[in-house]
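What follows draws every value from the coordinates through simple rules; no lab data is involved. Treat the numbers as computed from the prediction; the structure is a model and nothing was measured. Positions of Cβ are generated from backbone atoms using ideal geometry, with glycine treated the same way; all protein chains shown enter the neighbour counts.
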Amino acid sequence: MNAREAPELYGDSAIVTDRTRLWFHRGAAPVMPLPHRHDDLEINIVLQGALDYQFGGTRASVPAGSLAVFWGATPHRLVATDAGADGDMCWIQVPLTTVLGWNLPMSDLSEVLLSQPIIVPATTIARDMEAMFVSWQQEMGVDGLETIALLEIQALIRRVLHWQRHSGEKASAAASGNPNVSADSMRGVTEMARFTVENFRKQISVVDIAASANLNPHYATTLFRRAVGSTIAEYLIRCRVAEAQRLLVTTTMTASEVAHAAGFGSQSSFYAQFTKRCGTSPGTYRSRLL
């Protein structure tokens, strides 16, 4: 087990300041009183029982024998489990900086940054996920082994994305149905999210994002919030901040260059948005991780 402080899994107001390490937890799933969010890629492994999430405006069920992968920045809340104290679930949270450092193809990255979880049967991974989880917990912080564990976790994510792309299925929360958003409308939301992920470095606006799905901006904004739990503008900013995090850690670009490359219109806007979402200035963020 690494030393990273437990995140908001157990409450609605806790703030995690150490986003540099993986976090692991295993046990019964606690019902959350309020939605929470965090800038990590979250992996749920359901060994026994089931998880029932409110994810943005969508309900998502993760049955026993399944994996769920999603970006935790979208407000989500565990509303129920069918096993109570007898449930057995594993959680892994991978810092977004780590994920961005994997240099995933843009098609894969867009899937990860979409606002709905990818849910797949554990059998598609062809691995003993319980044994793998135990090994990863033990190997964090061990010279040589931690690097191997990180590579295996990356491979797991790539396998999930490969299955999602080639199975002919859309194993996401959208498939489980959202009483507030029709299937046709959900496709529009997905298209807007994809367009945002692929074009956020450019000076695009809410109007441009709505146009990518052939929707009126006002209607698109309402639909997006209802389905995702955040506005289009907020989602755009989150993508830009995530890119700035990656550039600060993986390049020697100046803060001004990072702001421009990540799509911010001004350096002042970059500093304000980055500090608000990361809890520290870009310079301090970089110095802590390098």
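Observations on the structure shown:
- Cα pair distances exceeding 21 angstrom across region 181-289, given as percent: 38
- Here 253, 192 are placed in order of increasing Cβ neighbour count within 10 Å, fewest first, which gives 253, 192.
- Using only the C-alpha atoms, the convex hull of region 183-235 corresponds to 61 Å³ per residue.
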